[in-house]
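The values are calculated or read from the model by the stated rules, or taken from the named source; none is laboratory data. All of these numbers come straight from a predicted model, not from anything done at the bench. Neighbour counts run over all protein chains shown; Cβ positions are idealised from the backbone, glycine included. Surface areas here come from the heavy atoms of the whole protein model, side chains and all, with no ligands, DNA or RNA. Shrake-Rupley method; radii C 1.70, N 1.55, O 1.52, S 1.80 Å.
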Amino acid sequence: MTVPLPPLPPVEDAAEDAYRPGGRSMVEMLADEHEQLRRLCRELTGPAGTVEHRRQVTEVLVATTTRHLSAEEQYLYPTVRSALADGEPLADREVAADNALLRTLQRLSGAGPDDPHFVEIAREVAEELERHVRAATAEIFPELRETASEEELIRLGNRVEIAEEAAPTRPHPGTPATPPWNKVVDPAVGVVDKVRDAVTRRETYVEDLTEPPKM
């Protein structure tokens, strides 16, 4: 079923009803990322590891979550607004919750693993991420699978992948959280973040961890 989606790249040299793009569904991609974020949270709030390993996990969790939320705000929530009957209030609620999560991530990033409040803040992040995942799993993803076609979800998945590559790696809760301005501001802020990451040799991907998160 075709639904009114946010603007997507035009389909070239193929009939719309016969076109099947390559790539992964946005729902499938975001669901996999949610599980990855859960594993990172378990790693961070589990039995104590070395201070250095906790620092690495913190940086990867902060960067991965920030990229994920940026891409959702650019493509998931506009789709929710346009495709679901209750999309406007649902998207507004989730954007507000995401901004609160970014503020908590900012606190976690500033605390450091040897801070006496670090574990408490890490648990707050884990709780807010778990709420985020439950809302998507129970309220958003099932309706999108029912409403949007697989082709539409794959095309959105391709855009999410591109958006994450250009997204910030540090939380910036004060920046615009809804299109069109976040699609302009986030990549610009992302460039600055990536320069800082390169200068400080900051780890930002799970593959950068010296010890992979426990399954």
Any idea of residue 141's accessible area? Nearest 10 Å², probe 1.4 Å.
-> 10
Ignoring ligands, DNA and RNA, how do 206, 27, 51 rank by accessible area with a 1.4 Å probe, largest first?
-> 51, 206, 27
Between the helical axis of 87-111 and the dominant principal axis of the chain, each derived from Cα atoms, what acute angle in degrees is found, rounded to the nearest 10?
-> 20
For the stretch 73-91 and the stretch 132-147, compute the distance between their C-alpha centroids and round to whole Å.
-> 11
Leaving out ligands, DNA and RNA but keeping every protein chain, what accessible area does residue 57 have, in Å² rounded to the nearest 10, with a 1.4 Å probe?
-> 0
Once the whole set of protein chains is in place, how much accessible area is left on residue 154, using a 1.4 Å probe, in Å² to the nearest 10?
-> 10
Fraction of accessible area attributable to carbon and sulfur, the chain (%, probe 1.4 Å) | 55
So, for the Cα atoms of the chain, Rg and Dmax in Å stand at 17.6, 60
Of the candidates 85, 189, 142, the farthest towards the positive dipole end of the chain (Lys/Arg Cβ +1, Asp/Glu Cβ -1, centred on the Cα centre) is 189
